[in-house]
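The values are calculated or read from the model by the stated rules, or taken from the named source; none is laboratory data. Note that the structure is predicted; figures quoted are calculated from it, not measured. Cβ sites come from the backbone with ideal geometry, for glycine too, and all protein chains shown count toward neighbours. Accessible surface areas use protein heavy atoms only, side chains included; no ligands, DNA or RNA. Shrake-Rupley method; radii C 1.70, N 1.55, O 1.52, S 1.80 Å.
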Amino acid sequence: TMIVSLADLHVGAFVDNILNKYNIDVFKNRMKEFKNKVINEIIYWNVEKVIIQNLGDSINGNINMANRIESDCGLVDSVAIATQEIANFIKDISEVSTVEYYQVYGNHSNMFKDKTFNIEEENMERFITWGLQNIFSESVRVKIHSAEDVIGYNLYDELICLQHGHQQISIEKLTDKFKRVPRFMYCGHMHNFKITTKGNCEEIQVGCMLGVDSYAFSKGFTGRPSQLISIVSSDWENVSHIPVYFK
């Protein structure tokens, strides 16, 4: 099984600094580059099934003034573009493998900046999965699951957990929630790739499609834009994590 992690796409963001350029066209090019890499790895590893997991912040949103100013398109357009590009990504991959799609909520997709006003279920990323469910409603090769704040699914009798990362839900709390210790816990939010082993669980922090924006630049945070491919054999004897970096 191949696990493809999409994290922090931030569709709608506009970045132009000495370290990074990002806009709608760059986003589309990086998605195409990532898709081609995924398909090549599917063929190389003889993958039987692909799980595509979206770890949130698919859109840049309007949670602060900087997001409004540094934008390449409006909020509604960013949701539409993100949905269509993710659908194209899924469609092309489904031509070489069956696909299951999961998505968790990100904080940039909240309705309001003030956290006290937000309800997890009232999140713009639900429109993305709603759109994908309609696009693939008649497909026998693609299954789209509804978006949730935290997701747990089974892979070869092991638990895989997904969260965006802004809530910082611990392994202990996830174990209590799902009554099992996760084998993998995937998250995004921090915009860089890192794997930390805690007991029998690997915390896998996936990089971002966006790259360095003005906020990160002002704080001295740097990092190359990236996404992640994971390969898991049915007996768990062979596990590979392959970060895919973009220029």
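Here are some notes:
- Neighbours by Cβ (under 6 Å, 6+ apart or cross-chain): first from segment 77-105, under 26 Å from Gly165 (Cβ atoms); second part of a helix (DSSP H, G or I) and among the hydroxyl-bearing types (Ser, Thr, Tyr): Gln103/Thr129
- Of the set (1) under 14 Å from the mean Cα position of the chain (by Cα); (2) open to solvent by less than 30 Å² (accessible area, probe 1.4 Å); (3) not β-branched (Val, Ile, Thr), all apply to Lys35 but (2).
- Extreme residue, nearest to Leu155 (Cα to Cα), among residues of segment 1-59 that are part of a loop (DSSP other than H, G, I, E, B) and of a type in the set (A, V, I, L, M, F, W, C): Val47
- Gly211 meets the stated requirement of being open to solvent by less than 40 Å² (accessible area, probe 1.4 Å) and either of a type in the set (S, T, N, Q) or on the phi > 0 side of the Ramachandran plot (or both).
- Count of segment 2-30 residues which are more than 15 Å from Thr83 (Cβ to Cβ), modelled with pLDDT of 95 or more, open to solvent by 10 Å² or more (accessible area, probe 1.4 Å) and of a type in the set (Val, Ile, Thr): 1
- The strands (runs of 3 or more DSSP E) located wholly in segment 176-236 that include 2 or more residues which are closer than 19 Å to Gln103 by Cα occupy 184-187, 201-205, 226-232.
- Of all the residues in segment 122-153, those that are under 18 Å from the mean Cα position of the chain (by Cα) and not in a helix (DSSP H, G or I) number 14.
- Unique match (being modelled with pLDDT of 95 or more, open to solvent by less than 40 Å² (accessible area, probe 1.4 Å) and over 14 Å from Ile3 (Cα atoms)) among Ile160, Ile151: Ile151
- Residues being modelled with pLDDT under 95 and over 13 Å from Lys21 (Cα atoms) - total across segment 201-221: 6
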